[in-house]
Amino acid sequence: MARKTNVEINGHKYYKVNPVIGKNPDGTYIRKQFYGVSRQDALKRYEEYKAGLGGLHQDSLGSLGDSIKDWTYNIARLDSAIKPSSYERYEGVYRNYIQGCVLSGKQIKEITSQDVQKYYSKLYAGGVSTSRIYNINKVLRKYFNWCIGHQLIEKNPCSRVTIPGKREYKEEIIEVFSDDEIRRIVRAIDNPTYKLMIVFAFNTGMRLGELLALRYQDVENGVVRVTQSLSEYAVIDADGESKREQGLQSPKSRTSIREIPLPDGIVLPEGNPDDFIFLTSNGKHISKASFRKTWMRILERANVPYRKFHACRHSYITRLIQAGVPIAVVKELAGHSTIEMTMRYTHIDLADRLAAVKKLSLTHY
């Protein structure tokens, strides 16, 4: 029995359905065509399209306020490509700067770049920083790109706006421990788990979250494979209620996934491949908050001035440069996304060299 069709395109027969998918600001209906080899197939493609909208109600696609709320809690929240820690920032931007803003009552099809520009200028005049407005624009741009992908709008109104003010980048202070301080710190630690963890930090430059996520299977033949990080973030439900949790996620950036050779002499205790190396005495993840308190006590015991645990990473990178390791190699070992990030450490080495030269007794001609 031949399948029933109702349209022919380039000599091929299809069944076309033309359902209403929404309304224009003037009240006229928006229709979209779906084709299949049969009516059932065409309707299946329509259902797949609706599923791709993530369950948004058609009557919520009009105003920005309703639509972006659904997107925030029903789309972005469930997107596996968005880290939980990133979603926490998205939700905060929505709740503090988009929910109920001057744009929220406008139809998404009516919002222009000028509207967005005026809103950003108003925020800036009211004391909102340039960096914060960049973050607001990032969320809005991502939302409008989603709308474009689902044929709700044709252009992204955030694409041509100018962020007011000058974005200020907070320069990270690079603090390092001397070789003597490192020895004193390690000697001051009684707990074998913390001692090994800090030895790893000084000899691999791994971040705290990367160390806490390290499994035995990640260390093989003297090489550490960094593939994940333990992070703390807010888990937010569809109603906006949140609770703090710890969980594993991909590292800070794609370049943070890397392999680091271990120096000779670092020996791991016995453990199953899937087990985490650094755990509490009762086998649970070490929380970052509790570790920071432990770190303060270790420095006090070692009589070393306080520096953040991240200074262990700074010390590792600085020592590599001082040892003459090529910058490109240091970049890969540190997992930096750009060579400029690594170059920040070269001025420290230059200062050491200048100090050394001043100690020389030179003959003047």
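Tell me the Kirkwood hydrodynamic radius of the range 181-261 in angstroms, computed as one over the mean inverse distance between distinct C-alpha pairs. The answer is 14.4 Å. In the chain, taking the dipole from charged Cβ atoms about the Cα centre, the farthest positive-side position among A213, I317, T130 is held by T130. Across the protein chains, with a 1.4 Å probe defining accessible surface, the residues M197, M343 rank M343, M197 from largest area downward.
Calculated [222 nm] ellipticity per residue, helices only, for the chain: -12000 deg cm²/dmol; basis is -39500 (n - 2.57) per DSSP H run with n ≥ 4, divided by all residues, nearest 500. For the residues K331, K122, K195, a GNM of the chain with alpha-carbon springs under 10 Å puts the largest fluctuation on K122. Scaled to the globular estimate 2.2 N^0.38 Å, the Cα spread of the range 155-300, given as radius of gyration, is 1.30. Surface composition of the chain: carbon and sulfur atoms hold 49% of the protein heavy-atom accessible area at a 1.4 Å probe. Full extension of the segment from Y35 to R225, taken as 0.36 nm per residue of separation minus the current Cα-Cα distance, would add 63.6 nm.
Applying the Kirkwood pairwise sum to the alpha-carbon positions of the range 116-159 produces a hydrodynamic radius of 11.0 angstrom.
Per-peptide packing, taken as the mean over residues of other Cβ atoms within 10 Å, places 304-311, 255-262 in the sequence 255-262, 304-311 from highest down. Extension gain, H285 to E259: 0.36 nm times the residue separation minus the Cα-Cα distance gives 7.1 nm.
Rolling a 1.4 Å sphere over the protein heavy atoms, what is the accessible area per residue of the range 142-233, to the nearest Å²?
52 Å²
Considering only D70, D115, D41, the mean-square fluctuation computed in a Gaussian network model of the chain, springs between alpha carbons under 10 angstrom, is largest for D41. Taking packing as the residue-averaged number of other Cβ atoms within 10 angstrom, the listed peptides 234-241, 157-164 run from highest to lowest as 157-164, 234-241. Put simply, the chain fits an ellipsoid with semi-axes of 52, 27, 21 Å; these come from the alpha carbon gyration tensor as the roots of five times its eigenvalues, largest first. The E48 and A81 beta-carbon pair, evaluated with R₀ = 25 Å, returns a calculated FRET efficiency of approximately 0.80.
The values are calculated or read from the model by the stated rules, or taken from the named source; none is laboratory data. For clarity, every value in this text was computed on a predicted model and none was experimentally measured. Glycine gets a Cβ as well: all are built from the backbone with ideal geometry, and neighbour counts include every protein chain shown. Side chains included, ligands, DNA and RNA excluded: accessible areas come from the protein's heavy atoms. Shrake-Rupley method; radii C 1.70, N 1.55, O 1.52, S 1.80 Å.
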